[in-house]
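Note sheet for the following structure.
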Amino acid sequence: MIEQSATFFFKFLRPTKISKTSILKTFWFIYFFLWIYLVNAQPPVPCTTGNENTCKCNTSPILCTIEDLDGYSYSMTHYLHGTDGPNGQGRMCPPPAPNNTTSHNPTWFRFPAWCTDLELEVCWSNCTRNMGPPLQCNTLGIQSAVYSECFGCPVPECFGPSWSANSQNPPPYSYAVGCDVGQCGSLNGCATFSMTGLQIGKIYYFLVDGCCGAACDVVINVIGDCDFPGFG
């Protein structure tokens, strides 16, 4: 596979075929070669204290591929930072998802799509309710979603000048490409959501959040194959 990569790389450096297109292709390959082979592909540390870069959408490290999260597990905490999650008329996902599903203790993962169709499974167990101030909730479970845009920064920087808080279809659910908020209230379980029409190479934003600030043990599974082409 390294031989194939080298052949692909050096064919653009032939003196007889130097062109603007060849140079751009060469730089494109160098960029992804360094990204795939030199960047640490380990999943980031989840948001548990507020000091981790996964606490915010726009600071979470970009994974090489969503496959880095296949089988990934972590334990949530009750640390509340709801303003770092999506907000918009109290709904994270498109209707018929229920209202009052804003985030409370989100962890963010960013990843490029290397496939057009993607299915994720998020399982949770050993949930504890957030009984401390200011919530004092009696709800268990998690809510999870994937978005095409990032959240947690001021309007209009996030969504553009045309966005309005009074819009009939405001963010975030208009940007959701995969969502599940229907499992709140369960001590343990699994939620699966499917995405179609993803843009190859585009960065997407994966959120896992506790229902009303609940904290659970989480396991993420990638169903199918969505690895970088030629590097699986």
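Things worth noting here:
- Taking region 105-142 as the range and being outside any strand (DSSP E or B), closer than 13 Å to Ile66 by Cα and within 13 Å of the chain's Cα centre (by Cα) as the test, only Ala113 passes.
- Output for region 207-224, where each listed residue is surrounded by fewer than 20 Cβ atoms within 10 Å (Cβ to Cβ) and at pLDDT below 90: Gly224
- Residues (modelled with pLDDT of 95 or more and either loosely packed, with under 14 Cβ neighbours inside 10 Å or touching a Lys or Arg at 6+ places or on another chain (Cβ under 9 Å) (or both)) located in region 74-107: Ser75
- Within region 27-53, considering residues that are under 26 Å from Pro229 (Cα atoms) and in contact with a Cys (Cβ under 7 Å, 6 or more places away or on another chain), the one modelled with the highest pLDDT: Ala41
The values are calculated or read from the model by the stated rules, or taken from the named source; none is laboratory data. In this text, all values refer to a predicted model and were calculated from it rather than measured experimentally. Here Cβ is always computed from backbone atoms with ideal geometry, including for glycine, and neighbour counts include all displayed protein chains.
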